[in-house]
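Remarks on the structure that follows.
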Amino acid sequence: MEPAEDRLVAAIARVLSGPGPEVRVGVGDDAAVLASPRGELLLTTDLLVEGVHFDRSRTAARDLGWKAVAVNVSDVAAMAGSPRYAVVGLALPADVGEPWVVELFGGMRAACDEHALWLVGGDLSRADRVVISVAVAGEAPPGAAVTRAGARPGDRVVVTGSLGAAAGGL
């Protein structure tokens, strides 16, 4: 996270009600980790905002849908978890038609199929620009979730994909 983002997250954390006994990792990591009967539940969400994260005139709807899911799958994978379920919040301006939305969800579906993830619902609204929010629930075996605090000197850093590819999308 950027230093300004770190400060904002810390300020938000002070306002929140605090973790319950089942919260293993709260605000500030790639995903929240909650105790569950089957192990650990991982919860994460990411926003993609037109004009900030993508330019609709230069980004295919299908590619954008794929990315919206993939960034969340990446957060769950970074914590050694497996994604299971996703929901989507989508805000659209009046000039976005059904074909574009169908292509967007086609990309989401393709990413979900690739990662054995179920897209199970969400919400729609109007806005002055496209805003996509995907939330993913995943799971890890008991005690297996890897946090950012778990990194140690000498650990290997493993990257998938091409470094800088996200910026190339802009």
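On the given criteria, is residue 30 part of a loop (DSSP other than H, G, I, E, B) and either crowded, with 18+ Cβ neighbours inside 10 Å or at pLDDT below 90 (or both)? Steps first, please.
On the way: part of a loop (DSSP other than H, G, I, E, B): yes; either crowded, with 18+ Cβ neighbours inside 10 Å or at pLDDT below 90 (or both): yes.
For residue 30, the condition - part of a loop (DSSP other than H, G, I, E, B) and either crowded, with 18+ Cβ neighbours inside 10 Å or at pLDDT below 90 (or both) - is met.
Return the total of residues in the stretch 69-100 being farther than 27 Å from residue 149 by Cα, assigned to a helix (DSSP H, G or I) and open to solvent by less than 60 Å² (accessible area, probe 1.4 Å).
Here is the first cut: in the stretch 69-100, the residues farther than 27 Å from residue 149 by Cα are 87-100.
Pick out the ones that are also assigned to a helix (DSSP H, G or I) and you get 98-100.
Now narrow it down to the ones that are open to solvent by less than 60 Å² (accessible area, probe 1.4 Å): 100.
So the count comes out to 1.
For the stretch 107-161, a residue qualifies if it is exposed (fewer than 12 other Cβ atoms within 10 Å of the Cβ), among the small types (Gly, Ala, Ser) and either in a strand (DSSP E or B) or in contact with an Asp or Glu (Cβ under 7 Å, 6 or more places away or on another chain) (or both), and the qualifying residues are 121, 125. Taken over the stretch 116-134, the criterion of being touching a strand residue (DSSP E or B) at 6+ places or on another chain (Cβ under 6 Å) and modelled with pLDDT under 95 is satisfied by 117, 118, 119, 120, 121, 122, 123, 124, 125.
With respect to residue 66, is the statement that it is among the aromatic types (Phe, Trp, Tyr), open to solvent by 40 Å² or more (accessible area, probe 1.4 Å) and either closer than 29 Å to residue 144 by Cα or without any contact (Cβ under 8 Å) to a residue 12 or more places away in the chain (or both) true? Break it down into steps so the answer makes sense when it comes.
Working: among the aromatic types (Phe, Trp, Tyr): yes; open to solvent by 40 Å² or more (accessible area, probe 1.4 Å): yes; either closer than 29 Å to residue 144 by Cα or without any contact (Cβ under 8 Å) to a residue 12 or more places away in the chain (or both): yes.
Answer is yes for this residue.
The values are calculated or read from the model by the stated rules, or taken from the named source; none is laboratory data. Since this is a predicted model, take the numbers as computed values, not measurements. Backbone-built Cβ (ideal geometry, glycine too); neighbour counts: all protein chains shown. What goes into the accessible areas is simple: the full protein's heavy atoms, side chains included, and nothing from ligands, DNA or RNA. Shrake-Rupley method; radii C 1.70, N 1.55, O 1.52, S 1.80 Å.
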